[in-house]
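One structure is given below, encoded as structure tokens.
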Amino acid sequence: MIPYGRQLIDDEDIKCVIDVLQSDWLTTGPKIAEFEKEFAKSVGAKYAVAVSSGTAALHAAMHAIGIKKNDEVIVPAISFAVSANCVVFQGGRPVFADVEADTLLLNPAEVEKKITNNTKAIIAVDYAGQPCDYDKLRDIAKKNNLLLIDDACHALGAVYKNCRVGSIADLNIFSFHPVKHITCGEGGMITTDDSAYAKKMRIFRNHGIATDHHQRQAQGSWYYEMVDLGYNYRITDFQCALGLSQLLKLPDWLVHRREIAAYYDESFSGIEAVTPLTVKNYVEHAYHLYVVKFDTKKMNRDRKDIFHSLREEGIGVNVHYIPIYLHPFYQKTFGTNRGLCPIAEAAYDQIISLPMYNGLSQGDAEKVVKAVKKVAL
Ligand SMILES: *Cc1c(COP(=O)(O)O)cnc(C)c1O
């Protein structure tokens, strides 16, 4: 089975991890600051804060901007659940806005409709690796005094009108899960130009304690203060060593992902029942995912059926994602239901993610195309 996504680890990566395992520091050592510095540089942000997962990164971001009970945060209908869960972690309410039919990106016009006196922030998700319409989203945020957060877990290496993803929103979130562009096993990062947010998140990831053990050692003191309620969201040094090694390969991997996408685009251009998502002419797409819509009406088959046919052909296709508010947790906690975001719901019935990863070979991409043609023609 050709999977939809997977990591690519080489001997250099392994050596970097072993070096740290043989050093004095397994966690909160020098590799963390080094990874943060290189990562911030690569996306063009002033500060980067590394944490244990993308989920921890989103939680830290919601904490940093002070989301609390009764606060509303606007999120897109289609994303991984944690894009909304992070608001709930802080006692806030995620308010779902519909997406654009051809890109599945948060629709700025729908965002405007959902703003109330309780709205504090917008979380944009660069779905599949394509940046959202940030000129419009920033205008809306400014006009309504809202913060703009970019859940950029799909979009490391993407560019919006000459601005690198990671340097666009007030806070920008990344994940280093094995299916993402670069991996630490598990890991996450928040980038920002705001030193106060960065400081708050560094404290949040370490139990809310104001100094770390290096600072205490330098002061020659046992004394520390817990100034805020925090968590253990620390990442280890050997994970950051892996992240640093992977980051060096990102430029080549982005080229590869874009080549595979161009090959898929070209191969599907003549097939009426298969439509890849639209790519705007002012972005450089990072292709975490390659998503197509199947014309289920024309094919007279539902998505589930198409999904199983592709799996039978040995293609490890996937579906990203069930509209978040249709998960039972959201239905029972917030009373959300079908009909809330009709564009997202209609898209959900048609989308399938095809294999897209750093190590995907041209031969395997050809097998994917062949299987899609067999199913769709
Ligand atoms: C992967 C992902 C996350 C969460 O990252 P983890 O590191 O798995 O916690 C959040 N949002 C989106 C859109 C993602 O794809």
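The values are calculated or read from the model by the stated rules, or taken from the named source; none is laboratory data. What you see is a predicted model; the values in this text were computed from it and never measured. So basically every Cβ, Gly included, is an ideal-geometry build from the backbone, and we count neighbours across all protein chains shown.
Quick notes
- Whenever a residue of region 145-165 is closer than 17 Å to V291 by Cβ and in the same structural domain as L58 (by TED's automatic domain parsing), its partners that are more than 16 Å from the ligand (Cβ to nearest atom) and of a type in the set (D, E, K, R), lying with C-beta atoms within less than 8 angstrom and at least six residues away or across chains, give the pairs A158/R164; A158/E284.
- Considering each residue of region 230-246 in turn, none proves to be within 16 Å of the ligand (Cβ to nearest atom), in contact (Cβ under 8 Å) with a residue 12 or more places away in the chain and among the acidic types (D, E).
Table: residues versus (1) crowded, with 24+ Cβ neighbours inside 10 Å; (2) more than 10 Å from the ligand (Cβ to nearest atom); (3) under 30 Å from P276 (Cβ atoms).
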site	(1), (2), (3)
L58	yes, no, yes
I65	no, yes, no
K68	no, yes, no
F80	no, no, yes
N85	no, no, yes
V95	no, yes, yes
K114	no, yes, yes
N117	no, yes, no
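- Residue in region 306-319 that is within 16 Å of the ligand (Cβ to nearest atom) and under 25 Å from A97 (Cβ atoms) present: yes
- The criterion of being at pLDDT 85 or above, closer than 17 Å to A56 by Cα, touching a helix residue (DSSP H, G or I) at 6+ places or on another chain (Cβ under 7 Å) and of a type outside the set (D, E) holds for G243.
- Search result, residues across region 334-377 that are under 17 Å from F307 (Cα atoms), in contact (Cβ under 8 Å) with a residue 60 or more places away in the chain and part of a loop (DSSP other than H, G, I, E, B): P355, M356, L377
- Strands (runs of 3 or more DSSP E) (entirely within region 144-219) containing at least 2 residues that are more than 14 Å from the ligand (Cβ to nearest atom): 147-151, 188-192
- Condition broken by E225, with the remaining ones in (1) closer than 20 Å to V51 by Cα; (2) acidic (D, E); (3) more than 14 Å from the ligand (Cβ to nearest atom) satisfied: (1)
- Taken residue by residue, region 256-271 has no member that is part of a strand (DSSP E or B) and surrounded by fewer than 18 Cβ atoms within 10 Å (Cβ to Cβ).
- Selection within region 1-35 - in contact (Cβ under 8 Å) with a residue 60 or more places away in the chain, in a helix (DSSP H, G or I), under 27 Å from the mean Cα position of the chain (by Cα) and under 12 Å from D237 (Cβ atoms): C16, V17, P30, K31, I32, E34, F35
- Selection count where residues are crowded, with 21+ Cβ neighbours inside 10 Å and out of contact with any Cys (no Cβ under 7 Å at 6 or more places or on another chain), scope region 18-42: 4
- C132 vs. criteria without any contact (Cβ under 8 Å) to a residue 40 or more places away in the chain and either crowded, with 22+ Cβ neighbours inside 10 Å or hydroxyl-bearing (S, T, Y) (or both): yes
- Within the option set K304, K293, being surrounded by 13 or more Cβ atoms within 10 Å (Cβ to Cβ) and among the basic types (K, R) holds for one residue only, K293.
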